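Worksheet: the structure to be examined is printed underneath.
The values are calculated or read from the model by the stated rules, or taken from the named source; none is laboratory data. Here the structure is a predicted model, which is why all the values come from computation and not from measurement. Virtual Cβ from ideal backbone geometry, glycine too; neighbours counted across all protein chains shown.
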Amino acid sequence: MFSAFFLPAESGHRFCIHHPGAPEGARGGIVYAHPFCEEMNKSRRMAALQSRRLAALGYSVLQIDLFGCGDSSGDFADARWEIWKRDLQLALDWLKRRVRGPLALWGLRLGATLAADVARDPGLGLEQLVLWQPVASGEQFLTQFLRLRLAAEMLAEGTARSGVSDLRDSLRNGASLEIAGYDLHPKLASELDSLRLAELVPAVKRVHCLEVSATETAQLSPASERALQGWRSKGLEVRAASVTGEAFWSTIEIAECEALFAATEKSLDGAS
């Protein structure tokens with residue numbers, strides 16, 4: 001049985017859902033970091049289902065809506081990377097006071113990259129980091145997001161009024177941009193642009209990286225593989241796997257990926 005509540009935080013509150021772990025398990029706690037903008041809505045079902053399954057295995061899982069996202073306080077236009085990092089730290093602190101066992105961070109897409117950034121702090125005492133389809137390059141991710149603006153212009157007017165470079169110039173000049181219903185502040189855009197997964201070396205005992213591929217011979221993306229190899233060279237234990245399935249965070253209809261659930265649970269179980 002889960003519980004929903006509002007966690008007091010800077011500039012208001014954060015909406016959270018807590019899935020307490022089965023009492024016979026007590027395997028520790030996991031905080032989930034959701035992805036960016038509409039990907040968050042597309043993946044809510046997958047996150048909820050995985051949270052319930054992890055709770056049944058004995059993990060206590062906390063899902064948090066970051067500042068300016070979902071049902072939490074704030075406007076997306078005021079969101080900043082550092083605020084989101086503090087939100088995850090707040091969630092970890094809340095969970096730490098309520099569970100026995102080690103703590104872990106789990107994130108999807110940009111939320112996975114955010115989790116990796118937060119996990120760099122050795123003072124948090126994190127043991128594991130679970131990455132679902134992490135964003136390896138913030139620059140590439142931002143470019144893809146800006147292209148949504150161009151696609152909307154083409155649909156509405158038959159042609160795009162500008163290009164990605166023009167939109168980047170607008171952001172550099174201090175202008176916010178409305179993209180797919182979200183107001184992107186130039187400060188957040190700059191923070192995203194500078195992200196490199198390879199540089200966010202987490203201070204954890206173990207990393208689990210899992211990706212979804214549409215091909216039958218699913219393989220980890222080259223960008224993720226390069227980043228993980230760099231982490232391994234620094235002494236981290238990294239478990240990586242790729243499964244066949246749909247990119248549920250971007251499908252038109254809400255989709256599930258049972259293979260991802262199974263691979264995640266297998267990886268965590270093997271770490272026990």
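Might you check whether a residue that is among the polar types (S, T, N, Q) and touching a Lys or Arg at 6+ places or on another chain (Cβ under 7 Å) occurs anywhere in region 218-234? The answer is no; no qualifying residue exists. Scanning region 91-139 for residues that are surrounded by fewer than 18 Cβ atoms within 10 Å (Cβ to Cβ) and among the acidic types (Asp, Glu) yields ASP93, ASP121, GLU127, GLU139.
Only one entry of ALA4, ALA48 meets the criterion of being farther than 20 Å from GLU256 by Cβ, among the aliphatic types (A, V, I, L, M) and not in a loop (DSSP other than H, G, I, E, B), and that entry is ALA4.
Meeting the requirement of 3 or more residues that are of a type in the set (Asp, Glu), no strands (runs of 3 or more DSSP E) wholly within region 52-171 can be named. Just to be sure, is ASP78 closer than 27 Å to GLN140 by Cβ, crowded, with 19+ Cβ neighbours inside 10 Å, at pLDDT 95 or above and charged (D, E, K, R)? Criteria not met by ASP78. Per the conditions (1) more than 23 Å from GLU139 (Cβ to Cβ); (2) in a loop (DSSP other than H, G, I, E, B); (3) within 17 Å of the chain's Cα centre (by Cα), the sole criterion not satisfied by LEU260 is (2). Among the residues of region 226-235, is there at least one that is in contact (Cβ under 8 Å) with a residue 24 or more places away in the chain, among the hydrophobic types (A, V, I, L, M, F, W, C), under 26 Å from LEU148 (Cβ atoms) and not in a helix (DSSP H, G or I)? The answer is no; no qualifying residue exists.
Which one is farthest from TRP94 (Cα to Cα), of the residues in region 15-47 that are among the aliphatic types (A, V, I, L, M) and in contact with a strand residue (DSSP E or B) (Cβ under 7 Å, 6 or more places away or on another chain)? My answer is ALA47.
With respect to the conditions (1) in a strand (DSSP E or B); (2) farther than 19 Å from VAL118 by Cβ; (3) in contact (Cβ under 8 Å) with a residue 24 or more places away in the chain, ALA22 lacks only one, and its number is (1).
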